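Presented below is the structure to which this report refers.
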Amino acid sequence: MSSHPTQHKSKLYVDELPNIPWEDRPANHSEVFWRSSNNPIIPRDLLPSSNSIFNSAVVPFKGKFAGVFRCDNKSRYMRIHRGVSNDGIHWKIDDDRIHFKSSVDGKELFPFEYGYDPRVCWIEDRYYITWCNGYHMYPTIGMGYTYDFNEFYQMENAFLPFNRNGVLFPRKINGKYAMLSRPSDNGHTPFGDIFYSQSPDMIHWGHHRYVMGTLPYSWQSTKIGAGPVPIETSEGWLLIYHGVLTSCNGFVYSMGAALLDLDEPWKVLYRGEQYLLSPQKPYECVGDVPNVVFPCAALVDSKTGRLAIYYGGADTVTCLAFSYVDDVINFVKHNSIL
Ligand code: BMA
């Protein structure tokens, strides 16, 4: 792998982001992704109240950055909090959780139970937030939106329990909103495939399609789940996702990638056989849950093809890794299991 920026080839249907957080590929680094030298960029104790801050989502916002962060507090309650940053690396996170209002009467739509693993997706005129939302003590896909990262509005849960890893596509596909999700159980779910659903209004979801599942014996043999919002390219939707294997010592969460058909995203065009990032650094191997790399957000600069991935390390801290979109696409195409 060259240490120079890759010649940019595929077309990226995203905006330019000249201030994307970035570090050049280290000399002699041969992997597709390289980690930030500032990792973990968010320590577990950034907030006085926090036990851990991880699996979090970040978007460009008014020339700077904003995000929704998974903060487990010292009661070990799982919460999602708002954060803002000038550079995408140093974050100011609210000490209190996000209090969603119903767009109808201003109250919370459901009594808040728990929330975790948020994703944030700009569609048309606002930032939509999806997260794993406790409903009668069962996990399902919570949905909300904000225009300004000040007021947050809650929508209906997308699905019945049990479901996790709900990830929206950044535009309508064939005239419908689209989402990936991973039906699950009420525990730590020793199974799980990615499904596609669509909706005319972000409330009623249907037209469910199977996208892809586990691959025996591999890093993605136990379960998989969508990670960041898919990135639209001329080669297809670039989906970065997590895959899990079950070792003698429990689950191991790694990150990989696939390309989905632009018009029928339940059709997988290419799927990387090897992982792209696996828990190898101390902050990924040691923490509240060891051996976890869990990507939840991607920033892209269409001009340079630079890609920055935000991921949780060991269910404890938030980290950054870098690559070029074309390097990931080339890897997926040339190492595809399909
Ligand atoms: C999943 C979710 C994630 C977590 C992962 C590893 O089921 O709970 O939030 O990162 O397990 O513990």
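FYI, it's all coordinate maths here, none of it is from the lab. This is a predicted model, so every value here is computed, not measured. Heads up, the Cβs are rebuilt from the backbone with ideal geometry, glycines too, and the neighbour counts pull from every protein chain shown.
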note = Helix-only [θ] at 222 nm, the chain, -39500 (n - 2.57) per DSSP H run of 4+, per residue, nearest 500, equals -1000 deg cm²/dmol
key: Label-point separation, Lys11 to Lys267 (7 Å along Cα→Cβ), nm   = 1.9
ask   = How many nm is it between the label spots at Asn28 and Cys285, if each spot is 7 Å from the Cα in line with the beta carbon?
value = 2.0
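Classify the stretch 138-216: rounded, prolate or oblate, from the alpha-carbon gyration tensor (a ≥ b ≥ c, eigenvalue square roots; a/c under 1.5 rounded; otherwise prolate if a/b is larger than b/c)?
Working: a/c = 2.13, a/b = 1.37, b/c = 1.56.
It comes out oblate by the Cα gyration axes.
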query = How many percent of all Cα-Cα pairs in the chain sit more than 31 Å apart?
reply = 24
request  = Grab the beta carbon distance between Asp87 and Ser221, set R0 = 35 Å, and tell me the FRET efficiency rounded to 0.05.
outcome  = 0.40
request  = Name the long-range amide H neighbours of Tyr135: under 5 Å, sequence gap of 5 or more, or other chain; modelled H, no Pro or chain starts.
outcome  = Thr140
Lys/Arg +1, Asp/Glu -1 at C-beta; the chain dipole; positive extreme among Phe195, Tyr275, Cys248 = Cys248
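Longer than 32 Å from Cα to Cα, which of Lys64/Lys176; Lys172/Lys281; Lys64/Lys281 are they? Say none if no pair is.
Details: Lys64/Lys176 30 Å; Lys172/Lys281 38 Å; Lys64/Lys281 29 Å.
In this structure, Lys172/Lys281 lie more than 32 Å apart at Cα.
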query = Is the shape of the stretch 53-189 best called rounded, prolate or oblate, per the rule: a/c under 1.5 gives rounded, else a/b larger than b/c gives prolate, else oblate, with a ≥ b ≥ c the square roots of the Cα gyration tensor eigenvalues?
reply = rounded
note = Compactness summary of the stretch 3-88: radius of gyration and Dmax from Cα atoms, Å, are 16.2, 49
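Would you work out if the stretch 198-292 is rounded, prolate or oblate? Take a ≥ b ≥ c from the square roots of the eigenvalues of the alpha-carbon gyration tensor; rounded if a/c is under 1.5, else prolate when a/b is larger than b/c, oblate otherwise. Provide the component values of the computation, followed by the final result.
Values: a/c = 2.09, a/b = 1.85, b/c = 1.13.
Taking the square roots of the gyration eigenvalues as a ≥ b ≥ c, the stretch 198-292 is prolate.
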inquiry  = For the stretch 239-310, report the % of Cα-Cα distances exceeding 14 Å.
reply    = 67
task = Report the label-to-label distance for Asp45 and Glu113 in nanometres (one decimal), using points 7 Å from each Cα along the Cα→Cβ vector.
result = 3.3
key: Loop GluC sites (Glu not before Pro), the stretch 91-186 (other Cβ atoms within 10 Å of the site Cβ: 10 or fewer; DSSP)   = Glu124
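Work out, step by step, the length gained on full extension between Ser336 and Tyr77: first 0.36 nm times the residue separation, then minus their alpha carbon distance; give nm to one decimal.
Values: separation 259, 0.36 × 259 = 93.24 nm, distance 3.96 nm.
Difference between extended and current length: 89.3 nm.
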